[in-house]
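Report on the structure given below.
The values are calculated or read from the model by the stated rules, or taken from the named source; none is laboratory data. Since the structure is predicted, the reported quantities are computational estimates derived from the model, not experimental observations. We place every Cβ from the backbone using ideal geometry, glycine too, and count neighbours over all the protein chains shown. Just the protein is used for accessible areas: all its heavy atoms, side chains included, with ligands, DNA and RNA removed. Shrake-Rupley method; radii C 1.70, N 1.55, O 1.52, S 1.80 Å.
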Amino acid sequence: MRRFDYYRAISVDEAIALLNEHGEGGMLLSGGTDLLVQIKEAGLAPAYVVGLSGIDELRELRSNGDGLHIGAGVLMHEVASDGTVQAQYSALCDGAGVVGSRQTRNMATVGGNVCNAAPSADTGPPLSVLDATVHVAGGGGTREVAIDDFWTGPGRTVLDSEVVTHITVPAPPANAGSFYERHTPRQIMDIAAVGTAVYVELDGDGNCSQARIALGAVAPTVVRAPAAEAALSGGPITAARAAEAGRAAAGEATPISDQRGSAEFRTHLVEVMTTRSILHAAERAQG
Amino acid sequence: MAKQIFTLNVNGRDHEVYTEPNQSLLEVVRDELRLTGAKEGCGTGDCGACTVLVDGRIVTSCLVLAPDAAGREITTIEGLADGEKLHPMQQAFIDHGSVQCGFCIPGMILSSVALLEENPAPTRDEIRRGIAGNLCRCTGYRKIVEAIESVAGS
Ligand SMILES: Cc1cc2nc3c(=O)[nH]c(=O)nc-3n(C[C@H](O)[C@H](O)[C@H](O)COP(=O)(O)OP(=O)(O)OC[C@H]3O[C@@H](n4cnc5c(N)ncnc54)[C@H](O)[C@@H]3O)c2cc1C
Ligand code: FES
Ligand code: FES
């Protein structure tokens, strides 16, 4: 492997201090499943690397009536196998559960997935529709960033020599449901050609009182689909209204063509998968 | 960066290693500890030939920095047998003719053992998904799946 200096931090404060001490060009390492691949394959040459895997406070996964706290270092397998996440934050469980192989899920962290800022990241659309907040710590203190404002481009975030400490998700009400699915050319061990996440809340009459829809891999970042959300809100979730929202979502996607599919194919997938994800999320909301 | 000394617990024994801290666990296990069961196929997490157990869970050791594995319990294929007595999964792979060139097999066996720890009675589909992170270029997987099924059923 390309040589680099490596410092293991044992606290968030120490990680920030190491970044400040060693200056420009340092990178943070959590599970390493993106960063080490980029160093080995993509020619990434960090001036030095700060390891986060020894920081206990980043490993906390807990929930209460207010919501879910996911430490940045929590592993995909821990999220996917957590009973509360499965029941209440289902889209996140769907996303974490399809990342890579069992080996990958034993190493890959949620924080790394979010910070790597791939538009295809499988926890991206779920965290977006679940209205997550990213908690960041740096030399100047701490700040909170709404997940939809966190990504600024492919591989780019608002972080500036900062560490993501955790992600919080507000507890959804009982009449809510969420769902994520992705399409991959290969069944397993592939990256999403399209990902669709949907969150819905139903009122007492079964009408959709709140809808959030997010799309993966069809824009420079994970994006919300506001026209589709508007099309779905305020009425019952029928097959026809779901299909209408699906068409609206397809109009909001701006995919490129690559080896995982042409722009045209991806746009078609957005329509079909958004429609289907809406119906699955509604089923869970009733469930 | 200067070499560092740290302790790795591999197959129940502590080993002091002295390497650059950007070495992968795979590099240290193979080149320093001379445990060459784990293989480097891709080096990027895709093939599973480098699979080892860390605290009982499978990881691709090509994407673990060795210092990050200090203080954890590492098991390689060399640590699976009980003295001369093979682990039931190793024996099943032999009995079912699951091995051809053998390159994928150390990782495949460790993934299979860990799979049954997590899910003692997997369906055939769960087995196939459970070894999806371990590529085999030779066997077509069928006899591997049969070997795992035989251990799960016994
Ligand atoms: C074989 C394989 C299959 C994969 N399959 C999928 C898949 O199906 N879906 C998918 O979405 N991804 C997949 N990935 C990509 C990767 O596993 C995920 O993105 C993973 O969640 C990254 O987490 P990590 O902890 O390994 O990140 P790392 O590689 O450690 O870090 C990723 C990036 O985030 C930064 N970072 C990490 N933690 C923090 C923090 N706390 N604060 C600030 N910055 C931080 C790092 O500096 C780096 O830039 C796959 C990777 C491999 C090797
Ligand atoms: S060598 Fe590690 S996964 Fe291929
Ligand atoms: S036996 Fe040759 S790669 Fe599996």
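Quick notes on this structure:
- Using a Gaussian network model of chain A in which every pair of alpha carbons under 10 angstrom is joined by a spring, one finds that among A:A248, A:A17, A:A108 the greatest mean-square fluctuation is at A:A17.
- Calculated mean residue ellipticity, 222 nm, chain B: -8000 deg cm²/dmol, from DSSP H runs (n ≥ 4) at -39500 (n - 2.57) each, averaged per residue and rounded to 500.
- Table column - 3J(HN,Hα) (Hz), the range B:75-80, Karplus curve with 6.51, -1.76, 1.60, x for Gly and Pro: 10, 10, 4, 5, x, 8
- When the accessible areas of A alone and B alone are added and the area of the pair subtracted, with a 1.4 Å probe, the result is around 2500 Å², both sides summed.
- 0 to 90° range, to nearest 10: angle between helix A:239-252 axis and chain A longest Cα axis: 40 degrees
- Estimated distance in nm for a label pair at A:E283 and B:R137, the labels positioned 7 Å out from Cα along Cα-to-Cβ: 4.1 nm
- Once both labels are positioned 7 Å from their Cα atoms along Cα-to-Cβ, the gap between A:A230 and A:E264 label points is 2.9 nm.
- For chain B, leaving out every one of the trypsin sites (Lys or Arg not before Pro) that falls in a DSSP loop and has at most 12 other Cβ atoms within 10 Å, the longest unbroken run is B:35-136.
- Separation of alpha-carbon centers, the range A:13-27 and the range A:179-234, rounded to whole Å: 37 Å
- For a straight C-alpha distance cut-off of 27 angstrom, the lysines reachable from A:K40 (same-chain residues fewer than eight places away being disregarded) are B:K3, B:K39.
- Threshold 30 Å² - residues in the range A:83-110 whose accessible area is reduced by that much or more when the chain is no longer isolated, probe 1.4 Å: A:R102, A:Q103, A:N106, A:M107
- Counting, for every residue in B:61-67, the Cβ atoms of other protein chains within 10 Å of its Cβ and taking the mean gives 6.
- Loop-resident sites, the range A:1-80, for GluC sites (Glu not before Pro), counting at most 14 other Cβ within 10 Å (DSSP): A:E24, A:E60
- Peptide A:1-8 is shielded by partner chain Cβ atoms: per residue, an average of 6 of them sit within 10 Å of its Cβ.
- Of all accessible heavy-atom area on the range A:104-162, the percent that carbon and sulfur account for (1.4 Å): 40 percent
- By the rule of a C-alpha distance below 15 Å, with chain neighbours fewer than 8 residues away ignored, the aspartates and glutamates paired with B:K143 are B:D95, B:D125.
- Ranking of A:T123, A:T33, A:T254 by solvent-accessible surface, largest first: A:T254, A:T33, A:T123 (1.4 Å probe, protein heavy atoms only, all chains present).
- Here the Karplus curve 6.51 cos²θ - 1.76 cosθ + 1.60, taken at θ = phi - 60°, turns the phi angles of the range A:159-173 into couplings of 5, 9, 6, 10, 10, 7, 8, 6, 10, 10, 10, x, 5, x, x Hz, with x standing for Gly and Pro.
- Over chain A, DSSP H runs of length four or greater, each weighted -39,500 (n - 2.57), average out per residue to a 222 nm ellipticity of -10000 deg cm²/dmol.
- Once the 1.4 Å probe is applied to the protein heavy atoms, the range A:57-170 comes out at 34 Å² accessible per residue.
- Chain A, relative contact order [Cα under 8 Å, separation at least 6], %: 15 percent
- The residues of the range B:4-79 expose, per residue, 38 Å² of accessible area to a 1.4 Å probe.
- Per-residue 3J(HN,Hα) values for the range A:255-265, derived from phi via the Karplus relation 6.51 cos²θ - 1.76 cosθ + 1.60 with θ = phi - 60°, read x, 9, 9, 8, 5, 8, x, 6, 4, 5, 4 Hz in sequence order (x marks Gly and Pro).
- Given their separation in residues at 0.36 nm each and the Cα-Cα distance between them, B:T123 and B:I5 gain 38.0 nm when the chain is fully extended.
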